[in-house]
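One structure is given here, and the rest of the page talks about it.
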Amino acid sequence: MSKTEKKHGFWFYFGRVMAGLGIALLLLILYIYLSVPTYSFKEPKPFSGEYLYNPYQDMKPDQWKKYHFHCHSRKFFGITNGRKSKETAIDSVYQALGYDHYGISDYMGINKHGSEREDYIPAYEHGYGLIRKTHQICIGAESVYRPDFPFMQNLNMKQHMINKLGERCRFVMPAHASFTKGYKVSDMVFLSNYRLIEVVNPYGNAIEHWDKALSNGHRVYALGDDDTHDITKASEVCHNLTMINIPDLNPEHVYEALDKGLCYAVEFDNWFHHPMSLSEKVEQARKLPHLTRAELVGDTLFIETTADKMQEVKFIGQDGSTLKTEENIATAYYVIQPEDHYVRTQINVNGLQHFYLNPITRHPTPEPIDQRLDFVNTAQTYLYWFVYIVAFAALIWYLFKMAKAKKEENK
């Protein structure tokens, strides 16, 4: 065997194959990034109008159910951070905690565990991003949408992804929006075409994001989730949850309630300052107070819970400003002023549990109206695509010319 043949052995060809695969992957990522349409955004308008929409107007105080949509099981040998969370272990823990529904939302895959149950809701967490976790929880998912922008995303890409995911699921929910700044607060000014946002998450609450969206007239509602990765750790379970007012566990009733905002987010414990064991959580979760009244009487909002007294109740409005605070009270109220675009209620029940109620919003008609700000700027899109194609063609021509010149030199 000649020396030349030895040089072109297994590792030589293996390296060429891997290089080819790397180039193919790079080209695929470039295609995904560069193929995004260019969006333009209308100016947002705050909520306005003579009619007040109360998402709790049809509430039945005895029909609250405990829900959780963000939990990871062990997949891909634990690489995706599911750790020890086997599906059977997830069942055991959340059933002990008295949850009515606990959804498994694995990364980029719909987990079929429990699909035979009446309460099964297909869901998954979308997103490959590791540095900037611009992820979304897809609730009521029909299929998994594989493309993503793994390295960074601008406003165009975030809106485009919300739109594409929304075509394949009932709800697209920005997940842990403040974690690694996957979503900037300023993004919430223009992003639309979504109904839910994960306001309370152990990796960082997104209250500022929520208020920014609401202040710019986006009717989005709060959910709370554990984002569980290790079911064996008490600090990762029953940290946050969502209460939904429904007569039964029929998924269609769940979707209808979520769309109306007939739900609220709960911060169950502060594991950093007040850590609890699993047994303590089981005991506390089964006697968790709940909302019994969020009623509009004229322009006055009344709030009550099953707790004898609420430690603190805050009424919050435009730009996250505190409109009124009441302490150690059984019934809290706020008179909504003509200049209030929205009013949401934040309840510190007992120093440990916190409720984040969905907002009362103003509208010009009795039924709420949602604004849609994004639209594809066709002229700019085609212009950019033309520039990309010309630049790519020029690069190919240049590389071909260099290869030809090198071949001529070697003759």
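The values are calculated or read from the model by the stated rules, or taken from the named source; none is laboratory data. As the structure is a prediction and not an experimental result, all values here were calculated from the model. Please note: Cβ atoms are built from the backbone with ideal geometry, for glycine as well, and neighbour counts cover all protein chains shown.
Only one of the numbered conditions (1) free of Cβ contacts under 8 Å to residues at least 24 places away in the same chain; (2) of a type outside the set (Lys, Arg); (3) over 28 Å from residue 120 (Cα atoms) is violated by residue 277, and that is (1).
The residues listed here are 349, 390; of these, the one that is of a type outside the set (Lys, Arg) and modelled with pLDDT under 95 is 390. Going through (1) closer than 30 Å to residue 280 by Cα; (2) assigned to a loop (DSSP other than H, G, I, E, B) one by one, residue 219 falls short only on (1). If you go through segment 243-258 one residue at a time, do you hit one that is touching a helix residue (DSSP H, G or I) at 6+ places or on another chain (Cβ under 7 Å) and assigned to a helix (DSSP H, G or I)? No, every residue in segment 243-258 fails to be touching a helix residue (DSSP H, G or I) at 6+ places or on another chain (Cβ under 7 Å) and assigned to a helix (DSSP H, G or I). Answer yes or no: is there a residue in segment 376-383 that is over 28 Å from residue 269 (Cβ atoms) and either of a type in the set (D, E, K, R) or touching a helix residue (DSSP H, G or I) at 6+ places or on another chain (Cβ under 7 Å) (or both). Checked against the condition, which is being over 28 Å from residue 269 (Cβ atoms) and either of a type in the set (D, E, K, R) or touching a helix residue (DSSP H, G or I) at 6+ places or on another chain (Cβ under 7 Å) (or both), segment 376-383 yields no hits at all.
For segment 104-128, filtering for residues that are more than 15 Å from residue 171 (Cα to Cα) and polar (S, T, N, Q) leaves 2.
Restricting attention to segment 152-170, the residues that are under 30 Å from residue 25 (Cα atoms) and either touching a residue at least 60 places away in the same chain (Cβ under 8 Å) or part of a helix (DSSP H, G or I) (or both) add up to 12.
Residue by residue through segment 98-151, note down the ones that are touching a Cys at 6+ places or on another chain (Cβ under 7 Å), β-branched (Val, Ile, Thr) and part of a loop (DSSP other than H, G, I, E, B). Before you say what the answer is, go through the steps one by one.
Residues of segment 98-151 that are touching a Cys at 6+ places or on another chain (Cβ under 7 Å), as a first pass: 102-105, 123-124, 126, 138-142.
Now drop any that are not β-branched (Val, Ile, Thr), which leaves 104, 139.
The answer is 104, and nothing else.
The residue pairs whose first member lies in segment 107-124 and is more than 18 Å from residue 144 (Cα to Cα) and hydrophobic (A, V, I, L, M, F, W, C), whose second member is at pLDDT 95 or above and surrounded by 17 or more Cβ atoms within 10 Å (Cβ to Cβ), and whose beta carbons are closer than 8 Å, counting only pairs six or more residues apart or on different chains, do not exist in this structure.
Yes or no: residue 39 touching a Pro at 6+ places or on another chain (Cβ under 6 Å) and modelled with pLDDT of 85 or more? Working first, answer last.
Values: touching a Pro at 6+ places or on another chain (Cβ under 6 Å): no; modelled with pLDDT of 85 or more: yes.
No, not satisfied.
Please tell me if residue 48 is part of a loop (DSSP other than H, G, I, E, B), small (Gly, Ala, Ser), surrounded by fewer than 18 Cβ atoms within 10 Å (Cβ to Cβ) and at negative phi. Criteria met by residue 48.
Within segment 202-242, restricting attention to residues that are surrounded by fewer than 24 Cβ atoms within 10 Å (Cβ to Cβ) and among the aliphatic types (A, V, I, L, M), the residue that is farthest from residue 191 (Cα to Cα) is 234.
Scanning segment 164-183 for residues that are modelled with pLDDT of 95 or more and either touching a Ser or Thr at 6+ places or on another chain (Cβ under 6 Å) or surrounded by fewer than 17 Cβ atoms within 10 Å (Cβ to Cβ) (or both) yields 164, 167, 168.
No other residue among 325, 305, 300 is among the hydroxyl-bearing types (Ser, Thr, Tyr), at pLDDT 95 or above and crowded, with 17+ Cβ neighbours inside 10 Å apart from 305.
When residue 362 is tested against (1) at pLDDT 90 or above; (2) out of contact with any His (no Cβ under 7 Å at 6 or more places or on another chain), exactly one condition is not met: (2). Would it be correct to say that residue 375 is within 30 Å of residue 188 (Cβ to Cβ), surrounded by fewer than 16 Cβ atoms within 10 Å (Cβ to Cβ) and within 29 Å of the chain's Cα centre (by Cα)? Yes; evaluated as a whole, the condition is true for this residue.
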